[in-house]
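The values are calculated or read from the model by the stated rules, or taken from the named source; none is laboratory data. What you are looking at is a predicted structure, and each value in this text was computed from that prediction instead of being measured. With ideal geometry, Cβ positions are generated from the backbone for all residues, glycine too; neighbour counts draw on all protein chains shown.
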Amino acid sequence: MKKLHNLSRRSFIRTAGLGAAGIGALTLTRDEVSAAPVDAASFSEPARVVPLAGTAEVIVCGAGPAGVTAAITAARVGAKVRLFEAHGALGGVWTSSLLGYLLDFNKPGFNQELVRRLRERDAIPPVGQDGLCYHPEEMKVLLEELCTAAGVKVQLHTRVAAAYREGRVLTTIVTESKSGRQAWRAPVFIDTTGDGDLGALADCEFEIGEAKDCPCQPMSMNVLLMVKDARALKEVLHEGPAAKNEADKLALLREIRRTGIEPSYGKPTLFRVRDNLLLVMMNHEYGVNATDAAAISAATMRARGELNQIVRGLRKLGGAWDGVQLIATPEQIGIRDGRRIRGRYIVTKDDVVTGARQDDAVVRPTFPVDIHAMTAEGNKTSPYGGRGVKVKPYDVPLRALIAKDVDGLMMAGRCISGDFIAHASYRVTGNSVAMGEAAGAVAAVAAQTKRAPHDVPWSEGQVAIEKARRQA
């Protein structure tokens, strides 16, 4: 069983002493090495025994929009599901990154269920299905309740750290958490990490950004604000008639410039969450690779500093801004470009332009190609645009959600198989939810019938989705 993780010495896993409960330990056997530097640029870690902490029929890594949907759907179909999340809340970009806005959400299934349930909590505007602001704390607790009701076993503060397979088949992952390193086994895994972490650890081919040196779309940090009276800010709020021609964004930019600050994002946007609670996007961090922890750390601190500076400046303006408070910044900066794991189909620019139709279509995106300026200089003239690409509603097939290089591995969300242009359209969360629903249903069928996901016809997946929806 090959360990895939670019170690200098390839290793193998063997099961050691499974107990009555079927839980034992995994021994990573290698040539014996000492815990000492091999040379000036590397360190050879000694072998260790990793406890086999549990098994499942479907393991989902990453609890963002695609991941929670996949886990809930698979569990409602009847599969035993484990869901791992690196942060302290479910929801990913919705909650840990304070995205705050639901885009391309006018889709059937879990998209509609989520809006309905949020509306019951007064956590989303009373009408509509798309382009809605939501309350992130209500989103957190709702997703927890839905996972609990479905029987999903959730483990937060846990990151996938290694992947192991037998031949082409992914069989085991290792996680890192406060509990140390733990091994977990399943016949089917779903990568919903956003950045394709599991696929990369499993040695899948992937792309990132626009080219090999990753000219990537910028990252952004959104923050929650509290004001005394949101009605006094109607000229800068992204709602009502002004939102249609973006006059509100230009008005907000003028207000920020009155503080003497030029924001890093040229089209800052202010949304109303509820009452006087607002969400604002006015930050770009350029040229940051989503797989570079040091670069992300620096970008996060720059962004948080800029946003605090702008809010302090707005408060000094007085008037409608008098007493404005920055309520919360996210624990995870918002990432647009991460790894795109190579699947059995690649969604391309041609698909987007021609409105491609697929027999195994899992979702039909309608969102425009949305490419934010790749550099600070580019932001001065065009903060975002579509590079002239006009979108015709197109299909994302199930094959784009199934890894090409590894069996038993699916993807959902922005790490599916597509090119840079197509990704700039399908990456929004309404499509991620639909992908998660499809991946969860197919994964459950595959696990329960002892088949690989690529051997499950989409027709069976559709039947499973309908079963899951009836439990909503």
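In the range 195-244, the qualifying residues are those that are part of a loop (DSSP other than H, G, I, E, B) and of a type in the set (A, V, I, L, M), and the one that is farthest from ARG414 (Cα to Cα) is VAL227.
Might you let me know whether the range 360-376 holds any residue that is more than 21 Å from the chain's Cα centre (by Cα), assigned by TED's automatic domain parsing to the domain that holds LEU198 and under 26 Å from VAL456 (Cα atoms)? The answer is yes; a qualifying residue exists.
Considering only residues that are free of Cβ contacts under 8 Å to residues at least 40 places away in the same chain and of a type in the set (A, V, I, L, M, F, W, C), look in the range 222-242 and name the one that is farthest from TRP94 (Cα to Cα). Checking each candidate, the answer is ALA242. Any residue that is closer than 18 Å to VAL362 by Cα, in contact with a strand residue (DSSP E or B) (Cβ under 7 Å, 6 or more places away or on another chain) and part of a strand (DSSP E or B) - is there at least one of those in the range 385-398? Yes, some residue in the range 385-398 is closer than 18 Å to VAL362 by Cα, in contact with a strand residue (DSSP E or B) (Cβ under 7 Å, 6 or more places away or on another chain) and part of a strand (DSSP E or B).
Here the condition is being under 20 Å from CYS415 (Cα atoms) and assigned by TED's automatic domain parsing to the domain that holds GLU137; of LEU83, LEU114, LEU118, it holds for LEU83 alone. Screening the candidates ALA303, ALA290, ALA298 for the property of being assigned to a loop (DSSP other than H, G, I, E, B), among the aliphatic types (A, V, I, L, M) and closer than 30 Å to ILE208 by Cβ yields one hit, ALA290. Against the test of being surrounded by fewer than 24 Cβ atoms within 10 Å (Cβ to Cβ) and closer than 30 Å to LYS267 by Cα, the options TYR394, TYR426, TYR345, TYR384 yield a single qualifying residue, TYR384. Within the range 348-369, restricting attention to residues that are surrounded by 17 or more Cβ atoms within 10 Å (Cβ to Cβ) and acidic (Asp, Glu), the residue that is nearest to LYS267 (Cα to Cα) is ASP351. Can THR259 be described as modelled with pLDDT of 95 or more, surrounded by fewer than 23 Cβ atoms within 10 Å (Cβ to Cβ) and over 22 Å from the mean Cα position of the chain (by Cα)? In short, yes.
Considering every residue within the range 118-133, establish whether at least one is in contact with a Phe, Trp or Tyr (Cβ under 8 Å, 6 or more places away or on another chain), of a type in the set (D, E, K, R) and closer than 17 Å to SER96 by Cβ.
Looking through the range 118-133, none of the residues is in contact with a Phe, Trp or Tyr (Cβ under 8 Å, 6 or more places away or on another chain), of a type in the set (D, E, K, R) and closer than 17 Å to SER96 by Cβ.
If you take the residues in the range 328-359 that are under 13 Å from the mean Cα position of the chain (by Cα) and part of a strand (DSSP E or B), which one is nearest to ARG304 (Cα to Cα)? Among them, the one singled out is GLY334.
Within the range 264-314, the set of residues being among the aromatic types (Phe, Trp, Tyr) and over 23 Å from the mean Cα position of the chain (by Cα) is empty. Filtering the range 310-326 to residues that are closer than 20 Å to SER220 by Cα, of a type outside the set (Gly, Ala, Ser) and surrounded by 14 or more Cβ atoms within 10 Å (Cβ to Cβ) leaves ILE310, VAL311, LEU314, LEU326. Against the test of being in contact with a Pro (Cβ under 9 Å, 6 or more places away or on another chain), under 21 Å from ALA63 (Cβ atoms) and among the aliphatic types (A, V, I, L, M), the options ALA183, ALA162, ALA150, ALA200 yield a single qualifying residue, ALA183.
In the set (1) among the charged types (D, E, K, R); (2) farther than 18 Å from PRO453 by Cα; (3) in contact with a strand residue (DSSP E or B) (Cβ under 8 Å, 6 or more places away or on another chain), ASP360 fails one condition alone, (2). Of these, THR171, THR148, which one is surrounded by fewer than 20 Cβ atoms within 10 Å (Cβ to Cβ), within 30 Å of ASP407 (Cα to Cα) and free of Cβ contacts under 8 Å to residues at least 12 places away in the same chain? Step by step, each of THR171, THR148 is checked, and only THR148 is surrounded by fewer than 20 Cβ atoms within 10 Å (Cβ to Cβ), within 30 Å of ASP407 (Cα to Cα) and free of Cβ contacts under 8 Å to residues at least 12 places away in the same chain. Residues considered: LEU114, LEU98, LEU90. Of these, the only one that is crowded, with 21+ Cβ neighbours inside 10 Å and assigned to a helix (DSSP H, G or I) is LEU114.
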